[in-house]
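The values are calculated or read from the model by the stated rules, or taken from the named source; none is laboratory data. For clarity, every value in this text was computed on a predicted model and none was experimentally measured. Here Cβ is always computed from backbone atoms with ideal geometry, including for glycine, and neighbour counts include all displayed protein chains. The protein model used for the area step is the full one, side chains on, heavy atoms only, and it has no ligands, DNA or RNA in it. Shrake-Rupley method; radii C 1.70, N 1.55, O 1.52, S 1.80 Å.
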Amino acid sequence: MFDNHRKTIGVFINRSEMEFQKAVIQGLVSEALKYGFNVAFMHSFGIRESKNMYDYYESAIVNFAPLEAFDAVIVALDTYDTPALRSKLIEGLQKRAKCPVISFREEHDSFYSITTEANNAVEKIVQHFVDEHHVRRFGFMAGYHEHVDSEIRLKCFRQALKKRGLPLEDNAVFYGDMWKLKGEEAYHFFFEGNGIRPEGIICANDYMARSLCDSLQKQGLRIPQDVCISGFDNVKESYNAVPGLTTVGVDYETMAREAVRLVDSLLKGEKRDRIITVPIQIVFRDSCCCDNDKKNNIIEASYYSRQMDLFTEKHNKQMYFSIDMDGCTGYDEMYRIVENNFELLGDYEDFYLCLFKHRDEDGVLVFDGEIPRHAVLKLASHEGKRLLEKELLFEQKELLPSEFVPEAPFICHFNLLHNRSKCFGYTAVSYRNPTAGFDVFFHNWNLTLSLTINEISTKEKLKYLSKKNEENSMTDYLTGLWNRRGFTKMASDKWNKWVMNNEFVLFLSMDLDKLKYINDTYGHKEGDRAICTVADAIRYALGNKGIASRTGGDEFEVIIQTEREDEEQVFRQAVEEWLVSVNAKNKRYQVGVSIGAFCKRLDVSDNFEECIRKSDAAMYLNKKAKKEENHN
């Protein structure tokens, strides 16, 4: 794969703009650089709640990734909450990966695992709520049913209540979404109708806890006076709003570093435990009336405010980028707009745009859902400077042409470009600070690029089909020569030039001899064969010059612009040569043709139809002479 004589770790991670994913990327990269590893990030953006076709086809990243070539794979399984993508990824890793696979934050029987004691921290939070805040009625806000961490934390919650001799009501567990969209629904579940009105609610992650806090406060409930709330993961949203959330903190950078150290050990052949755990820390804040993190809250809230200003500015730039791309008329214009908007990638160092080498119909790129063997590097940039003058074909499994892979450890982020079932190619980005990654806008940037490629390819396909349709309407179905309409158009397009330049032009009218006899005696199929024989003879005689047509059943017209005085004789001899060759193999009948010619140096007094009429007249004289000769 990367041809720099270093081991390469493939990292699969979904929604890399999220806080947890960013921490993982920073830890993985910083540790990989210490060991001299390359890292190829295989990014996707599947969202469980969206249920759209785009997310479904994000699973193509599994077919795209050169699983067989990686020296190790690290996969953040719990970031893949789209069932189709998750199951396809696991299946691909099990069947195709020939290297150690490490599951990050989630245990899996087929892989090594780096996990935390976070799930067992539920018992400590329950204990704190009971002993310090005298909570007796508990509720639990879980994620969706299939979420592994949520199910484990719910199990620990049940065990903790049982251990303390506390009841668990049948309606004490609400299933949410591991995101921010179910807070209002959770409020109604817990506090209205037959709700248990809990004194404390433990949430399976901080996003749901934050959403629940907002909904409770809208309804006039006080936190923590009326109900204590806790979350999980210690994301920024747990401490940049009021009240600050009591939560479970995990040092994900440390976990990531441990995953790379595990890779190094396994590649050296050392034996390691299948499951490695790292410690956690419970952070108490205002949502349970305890705050051991007040100073950090103030600092982070200030940082969050500054980030929101930057977010607004970048959002506006992304909007204008999308508008510019929407008006693209072709690939060259698209490349120029992309280059003018590299700043949206963040502090990038190198950018590569690779399109898949699918069928190319007369210069029109045609995309489908397959990942082909070859890709074409269309655009390469280093800190804003274009590196590529001519497109470069290479094997897709290499990810990038070898000349663009540095000798130093290479950290690169790969994202597919696709629209529904069509895969166009992919982008590859590296950053000046290798531990950095892209932000929430990169997916929009990538999506805009995908939509633009789809629009351009669709326009070019329609243009190609329109051209083919026009050609078909001007082409003789049997011989492939121009029909009368096509012949007239092609000649008309050139006529003014010929006249203005006083060109010497040869007009030839031709008629297949004895077509009626062949049809009546041997059938129309043989008649068609005779017609095609004459057409082939004309093509042979013309080579790559002239305009040839079948203007009627057995009638042909040819125009040749030439400076040779013997052009007519050369043409006649070539036609005869071809027919003699064919007739030598056909003992039933002989294919013959009558030819008439008219030639002159054109001027403004000449008329196209009159020139054709004169060559027709010469052809009929030739045909009449043949009949008289045969009669005698």
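In this structure, does residue 139 turn out to be assigned to a loop (DSSP other than H, G, I, E, B), open to solvent by less than 60 Å² (accessible area, probe 1.4 Å) and farther than 27 Å from residue 77 by Cα?
On the way: assigned to a loop (DSSP other than H, G, I, E, B): no; open to solvent by less than 60 Å² (accessible area, probe 1.4 Å): yes; farther than 27 Å from residue 77 by Cα: yes.
Judged against the criteria, residue 139 is not a match.
Residue 563 fails exactly one of the following numbered conditions: (1) modelled with pLDDT of 95 or more; (2) not in a helix (DSSP H, G or I). What is the number of that condition?
Against the list (1) modelled with pLDDT of 95 or more; (2) not in a helix (DSSP H, G or I), residue 563 comes up short only on (1).
Please specify each residue of region 126-136 satisfying the condition of being touching a strand residue (DSSP E or B) at 6+ places or on another chain (Cβ under 6 Å) and either open to solvent by 10 Å² or more (accessible area, probe 1.4 Å) or over 12 Å from residue 164 (Cα atoms) (or both). Full working, then the answer.
Within region 126-136, the subset touching a strand residue (DSSP E or B) at 6+ places or on another chain (Cβ under 6 Å) is 129, 133, 135.
Result: 133, single match.
Quick one: is residue 606 part of a loop (DSSP other than H, G, I, E, B) and of a type in the set (Asp, Glu)? Quick ask: steps written out before the conclusion?
Details: part of a loop (DSSP other than H, G, I, E, B): yes; of a type in the set (Asp, Glu): yes.
So residue 606 passes the test.
Residue by residue, here is whether (1) among the charged types (D, E, K, R); (2) closer than 25 Å to residue 202 by Cβ; (3) touching a strand residue (DSSP E or B) at 6+ places or on another chain (Cβ under 8 Å); (4) open to solvent by 10 Å² or more (accessible area, probe 1.4 Å) holds:
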site: 29; (1), (2), (3), (4): no, no, yes, no
site: 33; (1), (2), (3), (4): no, no, yes, yes
site: 41; (1), (2), (3), (4): no, no, yes, no
site: 62; (1), (2), (3), (4): no, no, no, no
site: 75; (1), (2), (3), (4): no, no, yes, no
site: 104; (1), (2), (3), (4): no, yes, yes, no
site: 120; (1), (2), (3), (4): no, yes, no, yes
site: 123; (1), (2), (3), (4): yes, yes, no, yes
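Please indicate, with yes or no, whether at least one residue in region 347-362 is under 24 Å from residue 57 (Cα atoms), part of a helix (DSSP H, G or I) and open to solvent by less than 20 Å² (accessible area, probe 1.4 Å).
Filtering region 347-362 down to residues under 24 Å from residue 57 (Cα atoms) leaves 351-360.
Filter once more, so that each one left must be part of a helix (DSSP H, G or I): none.
No: region 347-362 contains no residue that is under 24 Å from residue 57 (Cα atoms), part of a helix (DSSP H, G or I) and open to solvent by less than 20 Å² (accessible area, probe 1.4 Å).
Step by step: first the residues of region 403-445, then only those that are assigned to a helix (DSSP H, G or I) and touching a residue at least 40 places away in the same chain (Cβ under 8 Å), then the one that is nearest to residue 380 (Cα to Cα). Which residue is that?
The initial filter retains those residues of region 403-445 that are assigned to a helix (DSSP H, G or I), namely 403-404, 440-445.
If we keep only those that are touching a residue at least 40 places away in the same chain (Cβ under 8 Å) as well, we get 404, 440-445.
Details: 404: 9, 440: 23, 441: 21, 442: 18, 443: 19, 444: 20, 445: 17 Å.
Filtering first and then ranking leaves 404.
Filter region 478-530 down to residues that are outside any helix (DSSP H, G or I) and acidic (Asp, Glu) and give me whichever is farthest from the chain's Cα centre (by Cα).
Of region 478-530, the ones outside any helix (DSSP H, G or I) are 478-483, 501-514, 523.
With the extra rule that they be acidic (Asp, Glu), the set shrinks to 503, 511, 513.
Values: 503: 52, 511: 55, 513: 58 Å.
The residue in question is 513.
Mind checking whether some residue in region 615-629 is exposed (fewer than 14 other Cβ atoms within 10 Å of the Cβ), modelled with pLDDT under 95, within 57 Å of the chain's Cα centre (by Cα) and not small (Gly, Ala, Ser)?
no
Do you know which residues across region 551-577 are touching a strand residue (DSSP E or B) at 6+ places or on another chain (Cβ under 7 Å), open to solvent by less than 30 Å² (accessible area, probe 1.4 Å) and not aliphatic (A, V, I, L, M)? Lay out the reasoning, then the answer.
First pass over region 551-577, keeping only residues touching a strand residue (DSSP E or B) at 6+ places or on another chain (Cβ under 7 Å): 551, 554-563, 567-568, 571-572, 575.
The next check asks that each one be open to solvent by less than 30 Å² (accessible area, probe 1.4 Å); those that pass are 551, 556-560, 562, 567, 571, 575.
Scanning region 551-577 gives 551, 556, 557, 562, 567, 571.
Pairs please, first residue from region 317-338 and on the phi < 0 side of the Ramachandran plot and of a type in the set (Ser, Thr, Tyr), second anywhere and outside any helix (DSSP H, G or I) and surrounded by 16 or more Cβ atoms within 10 Å (Cβ to Cβ), Cβ atoms under 8 Å, 6+ apart in sequence or on different chains.
331/378; 335/353; 335/378; 335/379
Has region 441-449 got any residue that is hydrophobic (A, V, I, L, M, F, W, C) and over 30 Å from the mean Cα position of the chain (by Cα)?
Keep residues of region 441-449 that are hydrophobic (A, V, I, L, M, F, W, C), which gives 441-442, 445, 447, 449.
From the residues that got through so far, the ones that are over 30 Å from the mean Cα position of the chain (by Cα) too are none.
So far as region 441-449 goes, no, none of its residues is hydrophobic (A, V, I, L, M, F, W, C) and over 30 Å from the mean Cα position of the chain (by Cα).
Which one is nearest to residue 202 (Cα to Cα), of the residues in region 264-281 that are open to solvent by less than 30 Å² (accessible area, probe 1.4 Å) and in contact with a helix residue (DSSP H, G or I) (Cβ under 8 Å, 6 or more places away or on another chain)? Explain how you work it out, then say what you get.
From region 264-281, those open to solvent by less than 30 Å² (accessible area, probe 1.4 Å) are 264-266, 276, 278; that's our starting set.
The next check asks that each one be in contact with a helix residue (DSSP H, G or I) (Cβ under 8 Å, 6 or more places away or on another chain); those that pass are 264, 276, 278.
Numbers: 264: 38, 276: 26, 278: 22 Å.
This residue is 278.
Evaluate the following for residue 454: is it over 18 Å from residue 615 (Cβ atoms) and crowded, with 17+ Cβ neighbours inside 10 Å? Before the answer, list the steps.
Numbers: over 18 Å from residue 615 (Cβ atoms): yes; crowded, with 17+ Cβ neighbours inside 10 Å: yes.
Yes, satisfied.
Determine whether residue 114 is outside any loop (DSSP other than H, G, I, E, B), of a type outside the set (Asp, Glu) and closer than 30 Å to residue 96 by Cβ. Talk me through it step by step, then tell me what you get.
On the way: outside any loop (DSSP other than H, G, I, E, B): yes; of a type outside the set (Asp, Glu): yes; closer than 30 Å to residue 96 by Cβ: yes.
Answer is yes for this residue.
Would you mention how many residues in region 80-102 are in contact with a helix residue (DSSP H, G or I) (Cβ under 6 Å, 6 or more places away or on another chain) and surrounded by 21 or more Cβ atoms within 10 Å (Cβ to Cβ)?
Number satisfying all stated conditions: 5.
Tell me which residues, restricted to region 10-49, are over 22 Å from the mean Cα position of the chain (by Cα) and within 22 Å of residue 375 (Cβ to Cβ).
The answer is 38, and nothing else.
Output the qualifying pairs, or none if there are none: Cβ atoms under 6 angstrom, residues six or more apart or on different chains, first residue in region 464-490 and touching a residue at least 60 places away in the same chain (Cβ under 8 Å) and open to solvent by less than 60 Å² (accessible area, probe 1.4 Å), second residue in a helix (DSSP H, G or I) and among the aromatic types (Phe, Trp, Tyr).
From residues that are touching a residue at least 60 places away in the same chain (Cβ under 8 Å) and open to solvent by less than 60 Å² (accessible area, probe 1.4 Å), there are no pairs.
Can we say residue 580 is β-branched (Val, Ile, Thr), open to solvent by 70 Å² or more (accessible area, probe 1.4 Å), more than 24 Å from residue 482 (Cα to Cα) and assigned to a loop (DSSP other than H, G, I, E, B)? Even if it seems obvious, please write down each step before you answer.
Numbers: β-branched (Val, Ile, Thr): yes; open to solvent by 70 Å² or more (accessible area, probe 1.4 Å): yes; more than 24 Å from residue 482 (Cα to Cα): yes; assigned to a loop (DSSP other than H, G, I, E, B): no.
Against the criterion (β-branched (Val, Ile, Thr), open to solvent by 70 Å² or more (accessible area, probe 1.4 Å), more than 24 Å from residue 482 (Cα to Cα) and assigned to a loop (DSSP other than H, G, I, E, B)), residue 580 does not qualify.
In region 404-423, what residues are farther than 15 Å from residue 44 by Cα, within 8 Å of the chain's Cα centre (by Cα) and either open to solvent by less than 10 Å² (accessible area, probe 1.4 Å) or hydrophobic (A, V, I, L, M, F, W, C) (or both)?
none
Please specify each residue of region 106-118 satisfying the condition of being surrounded by 19 or more Cβ atoms within 10 Å (Cβ to Cβ) and free of Cβ contacts under 8 Å to residues at least 40 places away in the same chain.
Selection gives 111 alone.
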